[in-house]
Amino acid sequence: MAYQTNPYLIWQLIPGLILFGIGLYIQSRPIKKRESNVFSLLMFGGSLWAFANAVQLITPNIGWQRFWNGVTYLGIMVVPTTWFLLSVKLTGFLHEQIKRIERWLWLPPALLYLFLLTSGLHKLFFTAFDTVMLGGYVALENNYGPLFYVHTGYSYVLVIAGIVMLAVSLITKFKQYGVQAYGLIIGVLAPLIGNAYFLFGSPPAGFPDPTPIIFTVTGVAFAWAIFGGHILEVVPLAHDTIVRKLSTGVLIVDAEKHIRDINPAALEMLGLPAQSYAGASLSELAKRNSVLAWTASEALNDAVQDDQEMQVAFPETHRTFDVHISHIGDQLGNTTGWLIQFNDVSEQKQAEEGMVAAQKTLKAILNTLPDSFFEADPDGIITYANRAFIKNLGFSAWEDVQGQNFRKFTDQKAVRDIFEKFKLLYETKQPLEPFEYNYRTKNGMVYIGETTVSPIMDGERAIGSRGLIRDVTARVNAEKEILKQKDLLDSLLQQSPIAMVINDMTKRITVVNPAFEKLFGYSHAEALGKSLNELLASASAPDEADQLSTITMSKRALREKKYKRKDGSLVDVEIFTTPFFVGGERFGYLAFYNDISERLKAEADLEKTQSTLSAVLDTLQDSYFEADRNGTITFANRPFWEETGYSSKEEVLGKSFRRFVAPDSVRSVFERFERLYQTGKLLEPFDYNYRHKDGSISTAEMVVSPILEGRQVVGARGTIHDISERIRSANALSEAKDAAEDRARDLAALTNVAATVSQSLDLKDILQSVCQELVSIFEIRNAGIGLLTPDRKGLEIVAFHAFDPNEQSVLGMVLPVEGNVSSMEVLEKKRTVFIQDAQSDPRTSSIADISKTRGTRSIMIVPLLARGEAIGTIGMPARDPEHVFTRNEIELAETIASQIAAAVDNAQLHAKTESALDVAERDLEIGRQIQSGFFPESLPQIPGWEIATHFHAARQVAGDFYDVFQFRNSTFTAFIIADVCDKGVGAALFMVLFRSLLRAFSEIKINTDNVQEQLLNIIVNTNNFIAEYHGKSNMFATLFFGVLDPATGLMHYVNGGHEPPIILDKNGSIIQRLMPTGPAVGMFPEMNFRVAQIRFTEGDFMLGFTDGTTDARNFAGKQFTEERLLKSIAAPWSSVFSMLFELNVELREHIGEQKQFDDITLISFRRKLSLNDGVHAICRTAHLAALGELRDFAESAAIHSGLRPDEAFAFKLAADEVCTNIIQYGYEGREPGLLSLTFDVADNQARLIIRDDGKYFSPDQAKRPDIEAEWHERELGGLGIFFVHELMDNVTYNRIDQNVNQFILEKNLTNPKSNKE
Amino acid sequence: MEIHDRQVDGVTVIVLKGSIDAITAPKITEFIQAHIAKGNIKLVADFSGVDYTSSAGLRVLLGAIKETRARSGDFRLTGIQPDVQKVLNLSGFSNILKKYADVNAAVASYS
C-alpha cells in the first residue's frame, strides 16, 4: 500500500508531538498528583486525536481511513471529559460533587464511541462515508447522524463548563495565580477561538479539524502556567483547603526569597497585618519588626539547601515558636524555593517545664505524705521510697532501704501472701485491690498497712511496681473496739425496755429494737429501710419524724409527740434523739421513744384536778390565798380579790400579803406567819383587820396552814372569813336552820362519844365518859348507866355523872328490875320510855321516893341494845322538871345508847378474848364493831323490787358504808353507798357521822312533789355540816344517794363524786352509768350539787360499788379492775341475788386468801318484771344475823308458790339448818361470803337451791342420830342434816364451780289441788 | 329472843319468847347454865312464846336435860307451839322430854 501525502499533515503531526511531549513531561514530574494524571490524559488524548488524524490522512485505503477515523474519535471523545475534570481540579469548583460522579462522566463518551464503532449497522452516528478527492489525496468525508450531534453537544457543554470555571476562578483568584494566570487565560481562550473558527469560519476544503492544533496552544499555555508557576506543586485547592486552615504557619518563598504564599496562621505568628504579601521579599517582612520573619530571613541568607530547624522564644509573652525550613529544589538540585513552617510550641514548652517542676513537687509531696510510698523493680528491689516509708519502717535514711528486697519489710507470716500479690500484679498488669497486710519494722514490730499496688508500665511491659501503704493499725484496733461497742450497743438495744431506732444520714431506719417493735407494732424487717415518717407520722405530727431527725442530725433533742402505731392507734411518746457515731463518723441519729401515755394521762388528770380545784376555790364564799415564804401572793380565789376591791386575780397576784393587812394588824399577822414557817404547823384561826383597795378596813377570821414540800415549808395557804358577813348571815338563819344546827351539834357530840368509845376499852372508863358527854349534850341533871346483872334481876349502876358536882352519886347501886315497871318496859319492849312526872307516874313508883328527894319529874330511860338484846338502860332526868324531851333528843339518845351498848358488848367480848388478841387487832375489831353496828339490820321488803347488799370488811377499818331505808310514812326508799376518804378508826368514825347525819336529815316528809328539793337539802346540809364543823379534819366522802319511788320506778339521785353506779337492763346490757352530779361531800361548804333522775323499767338493775371492789387485789397484787366488774355483771340475770352472788364469787376467787386493804361494798336492786316475778330469790351475807331473813324467805316463797303451810314449814326448817351449817362451818375462819337462795316449783315438785362459796363439807359425814335412843345416849350433833333429809324427798349437794357449793332441796307436792285452798 | 325467869315454889321457871336458832341458842344455854351453876336444877321452860326452833334449840334442850338430870333435877317444858312440836317429833325428843299443858302443871310436877 502506498501512502499518500497530505498538505495538512504537518499541522497534525506538530500538535500531536507537542501534546505527547507535554503529557510525558507531566508524567515525569517528581511529584505527581491526580491533577497531573488528568492533565496528562488530556494531553495524550489531544495527541492521539492529532496523530490518528494524521495517519488517517496519509492512508490511501478507505477502509484504513475509516479505521483511523475511529481511532481519531477515541482521542476526540477523551478530550472534553478530561478538560472538564482538569478544570474542576484546578479551580476546586464542585470538587467534592464531581469527584463522586467522576467515573460516570466517562459513560456518555464510552456509549457514544460504541455507537460510532457500530455505525455501519444503524447509521446513528455516521450515516455514510464519502470519499473526497482533494488535490490528489483521498479524504474521508463523514456524513453525520443524530448521535454525532449528541456527542458534539455533550462535548461543548463540558468544554464550556470547564472554560467558565476557569474563567470565574481566574477572575476571583487572579492574583494568586500570578503571571501563570495569563497562560491559563490563553489556554482557556484557545479552544474557544479555534472551535469558533472551525465551526463558523471558512476553513479550506479538506482542512482537518483544527482543534488539536488549537489544543496544543492550550496545552502549552497550561503547561507554562502550571509548571512555570509550580501550580501543580502548590495547588490552589490545597492552598485553600489545607494551607489556609493550618494552625501551622506556612510561608513559601521562591528562590529569590520572594513570598509565594503565606497562610493566616503564619501572618498571625509573624505579627503581620492581614493583607496580600504576594511577591514581597522575606527581608521586607523582616523589616516590619517581625522577629520570626527576621529569623527566617537570616536562616536563608546562605541559601542553604538543607532543612533547618530552630526555636525562637519570646520570654515577655511566654511564647515559643518552632521554625522549620524545608528546601524546595528541582531534580537538578536547583533551588526553587523554601517552605517555612512556624509552630507555636508555647504550651508544649510550658507543659515540659511544668512536668519537670511537677516531678520535683511529686517527690516533695511523697516525702510529706504520712503514708508510705515505694517503687520496686520486678525482683522486688526497692527503687524508690518516700520519707514516710523509711520512717515507718524504723529506718532513718534512704540508703537504709535502697536496694533492699521488699520482703525484708514483710512480716514472716505474710511473705507468701505478698509474693502472691505481686505475682498477680505482674500477670494482670492491673492495679491490685487494696489489701491489708502486716509490715515488719526494723526493730521487728508489726504494723498493719492498707496497701495499694499498681504496676509501672512501659508500653505493654510491666517494669516494676509502685505502692502506697497506709498505717491502719490504729484503725484496725479501733474497729475491734467498735465491734466490742457494737456488741454492747446490740445488747443494749435488745434488752432495753425503751424503744430505740437508729437512722442513717438519709433518714432510713437501719436498726430498731424489740421495744420499738412492741411499742409501734412494726417488726424489724418491716421497719428496715423505711423512714420514720412512713411508719409513725400521725395527723397531729404529719412529718415530725423526719423533721425531728433533721433537727437532731447535729444535736440532741427531746420532744414529746403523738405517734401512730401500725394498727393506727396513737401513742404519746417522749422522744430523745442524739447523733449517732460509728467509728468516729456520724452515721445518723439514735432516737429513744418512751411511752408516756400513762404519764400524760396522769398529768392531764392532775391538771384537771387542779383546774377543778381552782374553780371550786372560786366558788367559795370565803377568800382563799396562797403565798410564798416572802409573803408574795401566788394564788388568790375570786372572793379574795373581789372582797378586797380589786377587779381581777392578776391585780392581786405578785403583791405582798402585807398590802392587804390593816396597819394595826401587820405585826400580829407577821408573827403568826413566822410561827407557821418555823413550826410548819397549822395555826389556830385568828381575827385580824384587813385592808381594802380603797383603804377601808374590815375584820376577818383567818385560818392559815403551811404549804409543804417534804418537810420544808415553802409557803402558806389560808382562808379568810369575813366575820361581819357571818354574823349577818347567822342572823338571817331561819328557825329550821337553827334546829338543824342543834341537831348537827348533837351529832358532833355523838362523834365525841364515838371517839371516846373507840379510844378506850375499859368499860367503866367508857361509860363514865359517855355519861359526862350525855350531861353536856342534853339538858339533863345527870346520866346513869345501868347494866343488867347476870341473873337479869337487877340493874347495876356502872356509870354516873351529874351536872351538879355536889349531887350524890348513885354509882354501884343495884336497882331491882322486878317492880320497876318503867325499866321493865324499857328492857322488854327495847324502846325508850319517857316519863313526864316520875314522882306520880305508876311506872316509876319504885323510885318515886328517890325522885321526890331529888326533885326529878321529867325523865327519859333509854335501852342499851346489843346484838338484839337489851343489856341495860340509861336514865336521864331533865334539869328542868317540866322539860319535855323532843323526838330528836330521844333519837339522839337512842343512837348514843346503841353505841354504848356496842362498846359494852365489845368490852365483854374483849374481856373474853383479851389474852388471845393483841392490841392492834383489838383496835381493829372495835372499829369493825362500830362500823358493822351502823349497817341496816335488815333490808326493806318492797313489793316488785329485789334488794341485795354485800359488805366485805377490810383488814383495816375503813370508811365504806351503805344504807337502805324507807322514809317515814312513805314507800320512798333511800339507797346510799359511800366511801369516806382515808382508812383507820378516824375514817370509821366519820363514816358513823356521815351515816348519822344522812339518817337525821332524812327525818322529813317526802312526796312526789318535793323529793328533788328534799334530797338536795339532805346532801347540802350534810355537806355543809361536815365542811363547817369538821373542815379541819379534811375528811370527806364520795357518796351516792338515791331516792326511789317504787310505785313509778323513778329515782332521784345525787352522786357526790362516787364511782358511777351501773344500770343494766333485763338483757344484762349496761345501759347507763350514773355519773357524778357534784363533788365529794364535806370538802367545802356551799358546794353545788345537782339532782338527777333515772326511771327504772321492769327488769332494770342498779349496782353501786366502792373502789375497794375494783381495787381488790389478788396474791400477785393485780387489781380486779372496773373492766372486769363490768364484764362480770353484763349478763341476763333472773334476779339481783344471782347477779350479786356470782359477782361476789368471782371477786372472792380473785382475792383468794389475800387480805384486803379496803372495804368492798356492793349495793344493788332490781325492778322485777312483774309484782309476782316467777323467781323467788334472796342473797345475804353469810352471817348468823341473816338467818331469820333467810328462813323467812324460804317459808314465804313456798307459801306464795301455793304450798301447804306444813310444806312451807319444812322448807323453812331445812333452809335454816342448811344455812346454819354453811355459816358455821363453810365460812369457818374466813371472810363470810354470800348465801344465795332461790325457790321454784315445777312439775309438782318444789325446789330450794342454796349456793355458797365457802368451804366444801360433806353433809353426809354427820353421823345419823339415833332418835330412838334414851336421853343419856343422845348426842348433841347431827340433828340439822338429819332434819333436812327427813323433811325433803331429795337432797343433793355438790360443788358446781371451783368455789361454789350447791344444795338442792326438793320436795314432792302430794296434793296439788289442795294447795290452792 | 327474850328470856325471863322466876322462882315458883323452888322451881325455876324460864320464860322464853321468840325463835330459837343458831343465834339465840347459845344465850339460852348460857342462861340455863347460870341457873344450874347456882343449883337451880328444877327447871321449867315456858315455850308458849316460842314460835320456832331449829335443831339448835334441841341441842339447848338436850344439854339442859342432861345437866339437870345428872344432878337429879330436870328440865320440863310447857306451852309447846305446833311448829316446835313438829321439830320435837321429828327428832324423837317427844319421847325423852316431859311436857305439860301449862306452867302450873309443870311446876306442880316437881312436887
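The values are calculated or read from the model by the stated rules, or taken from the named source; none is laboratory data. Remember, it's a predicted structure, so these values are computed and weren't measured experimentally. Backbone-built Cβ (ideal geometry, glycine too); neighbour counts: all protein chains shown.
Would you point out which residue out of A:Gly1082, A:Gly1078, A:Gly1057 is among the small types (Gly, Ala, Ser), within 38 Å of the chain's Cα centre (by Cα) and under 22 Å from A:Phe1001 (Cα atoms)?
A:Gly1057
Every residue, every condition in (1) polar (S, T, N, Q); (2) assigned to a loop (DSSP other than H, G, I, E, B); (3) at pLDDT 85 or above; (4) surrounded by fewer than 24 Cβ atoms within 10 Å (Cβ to Cβ), yes or no:
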residue	(1), (2), (3), (4)
A:Gln1156	yes, yes, no, yes
A:Asn1172	yes, yes, no, yes
A:Ala1185	no, no, no, yes
A:Asp1192	no, no, yes, yes
A:Ala1197	no, no, yes, no
A:Asp1206	no, no, yes, yes
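Exactly one residue out of A:Leu1143, A:Leu1103, A:Leu1162 is part of a helix (DSSP H, G or I) and either surrounded by 19 or more Cβ atoms within 10 Å (Cβ to Cβ) or modelled with pLDDT of 85 or more (or both): that is A:Leu1143. Are any of the residues in the stretch A:368-388 out of contact with any helix residue (DSSP H, G or I) (no Cβ under 9 Å at 6 or more places or on another chain) and either part of a helix (DSSP H, G or I) or basic (Lys, Arg) (or both)? Checked the stretch A:368-388: no residue is out of contact with any helix residue (DSSP H, G or I) (no Cβ under 9 Å at 6 or more places or on another chain) and either part of a helix (DSSP H, G or I) or basic (Lys, Arg) (or both). Taken as a whole, the structure leaves A:Leu85 outside the set of residues that are surrounded by fewer than 20 Cβ atoms within 10 Å (Cβ to Cβ) and assigned to a helix (DSSP H, G or I). Does A:Ser1170 satisfy the criteria of being more than 10 Å from chain B (Cβ to nearest Cβ), more than 19 Å from A:Glu1146 (Cα to Cα) and under 60 Å from the mean Cα position of the chain (by Cα)? Here the answer is yes, as A:Ser1170 does meet what is asked.
On the given criteria, is B:Arg71 touching a strand residue (DSSP E or B) at 6+ places or on another chain (Cβ under 8 Å), of a type outside the set (A, V, I, L, M, F, W, C) and more than 11 Å from chain A (Cβ to nearest Cβ)?
Numbers: touching a strand residue (DSSP E or B) at 6+ places or on another chain (Cβ under 8 Å): no; of a type outside the set (A, V, I, L, M, F, W, C): yes; more than 11 Å from chain A (Cβ to nearest Cβ): yes.
Considered against the rule, which asks whether it is touching a strand residue (DSSP E or B) at 6+ places or on another chain (Cβ under 8 Å), of a type outside the set (A, V, I, L, M, F, W, C) and more than 11 Å from chain A (Cβ to nearest Cβ), B:Arg71 comes out as no.
Of the strands (runs of 3 or more DSSP E) lying entirely inside the stretch B:1-93, those carrying at least 1 residues that are in contact (Cβ under 8 Å) with a residue 40 or more places away in the chain and closer than 22 Å to A:Glu1270 by Cα are B:42-53, B:74-78.
Looking only at the stretch A:816-849, which residues are out of contact with any strand residue (DSSP E or B) (no Cβ under 9 Å at 6 or more places or on another chain), at pLDDT below 80 and under 17 Å from A:Gly794 (Cα atoms)? Across the stretch A:816-849, the qualifying residues are A:Gly819, A:Ser845.
Kindly check whether there is at least one residue in the stretch A:1202-1213 that is in contact (Cβ under 8 Å) with a residue 24 or more places away in the chain, of a type in the set (Lys, Arg) and over 22 Å from B:Pro82 (Cβ atoms).
Residues of the stretch A:1202-1213 that are in contact (Cβ under 8 Å) with a residue 24 or more places away in the chain, as a first pass: A:1202-1204, A:1207, A:1210-1211, A:1213.
Then drop every residue that is not of a type in the set (Lys, Arg), which leaves A:1204.
Narrowing the set further to residues that are over 22 Å from B:Pro82 (Cβ atoms) leaves none.
No, the stretch A:1202-1213 contains no residue that is in contact (Cβ under 8 Å) with a residue 24 or more places away in the chain, of a type in the set (Lys, Arg) and over 22 Å from B:Pro82 (Cβ atoms).
Do you know which of the residues in the stretch B:1-29 that are surrounded by 21 or more Cβ atoms within 10 Å (Cβ to Cβ) and among the charged types (D, E, K, R) is farthest from the other protein chains (Cβ to nearest Cβ)? Per the stated criteria, the residue is B:Asp5. For B:Lys86, the conditions (1) more than 10 Å from chain A (Cβ to nearest Cβ); (2) within 22 Å of A:Val1218 (Cβ to Cβ) all hold with the exception of (1). Looking at the stretch A:1178-1192, is at least one residue away from every other protein chain (no Cβ under 13 Å) and more than 58 Å from the chain's Cα centre (by Cα)? Looking for residues that are away from every other protein chain (no Cβ under 13 Å) and more than 58 Å from the chain's Cα centre (by Cα), one finds none in the stretch A:1178-1192, hence no.
Within the stretch A:684-714, the set of residues being in a strand (DSSP E or B), charged (D, E, K, R) and either closer than 13 Å to A:Arg659 by Cα or in contact (Cβ under 8 Å) with a residue 40 or more places away in the chain (or both) comprises A:Arg691 only. Would you call B:Ile80 within 8 Å of another protein chain (Cβ to nearest Cβ) and either modelled with pLDDT of 90 or more or at positive phi (or both)? So B:Ile80 fails the test.
When we screen A:Val1291, A:Val1284 for residues that are touching a Pro at 6+ places or on another chain (Cβ under 9 Å) and either at pLDDT below 75 or not in a helix (DSSP H, G or I) (or both), the only hit is A:Val1291.
For the stretch A:1033-1054, the set of residues classified as over 18 Å from A:Ala974 (Cβ atoms), over 44 Å from the mean Cα position of the chain (by Cα) and in a loop (DSSP other than H, G, I, E, B) consists of A:Asn1034, A:Met1035, listed by residue number.
Looking across the stretch A:973-1013 at every residue that is buried (at least 19 other Cβ atoms within 10 Å of the Cβ), in contact with a His (Cβ under 9 Å, 6 or more places away or on another chain) and modelled with pLDDT of 90 or more, the one that is farthest from A:Ala1047 (Cα to Cα) is identified as A:Ala978. If only residues of the stretch A:772-791 that are in contact with a strand residue (DSSP E or B) (Cβ under 7 Å, 6 or more places away or on another chain) and free of Cβ contacts under 8 Å to residues at least 60 places away in the same chain are counted, the one that is nearest to the other protein chains (Cβ to nearest Cβ) is A:Thr789. Screening the stretch A:475-587 for helices (runs of 4 or more DSSP H) wholly inside it with 1 or more residues that are surrounded by 17 or more Cβ atoms within 10 Å (Cβ to Cβ), in contact with a strand residue (DSSP E or B) (Cβ under 8 Å, 6 or more places away or on another chain) and at pLDDT 75 or above returns the ranges A:514-520, A:524-527, A:532-536. The set of residues from the stretch A:435-451 being in contact with a strand residue (DSSP E or B) (Cβ under 8 Å, 6 or more places away or on another chain) and either more than 19 Å from A:Phe389 (Cα to Cα) or surrounded by fewer than 16 Cβ atoms within 10 Å (Cβ to Cβ) (or both) comprises A:Phe435, A:Glu436, A:Thr441, A:Val446.
Among the residues in the stretch A:799-821, are any over 14 Å from A:Ile859 (Cβ atoms), out of contact with any helix residue (DSSP H, G or I) (no Cβ under 9 Å at 6 or more places or on another chain), surrounded by 15 or more Cβ atoms within 10 Å (Cβ to Cβ) and within 14 Å of another protein chain (Cβ to nearest Cβ)? Within the stretch A:799-821 (the criterion being over 14 Å from A:Ile859 (Cβ atoms), out of contact with any helix residue (DSSP H, G or I) (no Cβ under 9 Å at 6 or more places or on another chain), surrounded by 15 or more Cβ atoms within 10 Å (Cβ to Cβ) and within 14 Å of another protein chain (Cβ to nearest Cβ)), the answer is no, since none of the residues qualifies.
Restricting A:Glu433, A:Glu420 to residues that are closer than 21 Å to A:Met457 by Cα and in a helix (DSSP H, G or I) narrows the list to A:Glu420.
Out of A:Leu1234, A:Leu1248, A:Leu1287, one residue alone is more than 14 Å from chain B (Cβ to nearest Cβ) and within 18 Å of B:Asp21 (Cβ to Cβ). It is A:Leu1248.
Taking the stretch A:1221-1249, which residues are in a strand (DSSP E or B) and either within 15 Å of A:Asn1299 (Cβ to Cβ) or hydroxyl-bearing (Ser, Thr, Tyr) (or both)? Give the derivation first.
Just the residues of the stretch A:1221-1249 that are in a strand (DSSP E or B), to begin with: A:1234-1242, A:1245-1249.
Result: A:Leu1234, A:Leu1235, A:Ser1236, A:Thr1238.
Candidates B:Ser111, B:Ser48: the one that is at pLDDT 90 or above, surrounded by fewer than 18 Cβ atoms within 10 Å (Cβ to Cβ) and away from chain A (no Cβ under 13 Å) is B:Ser48.
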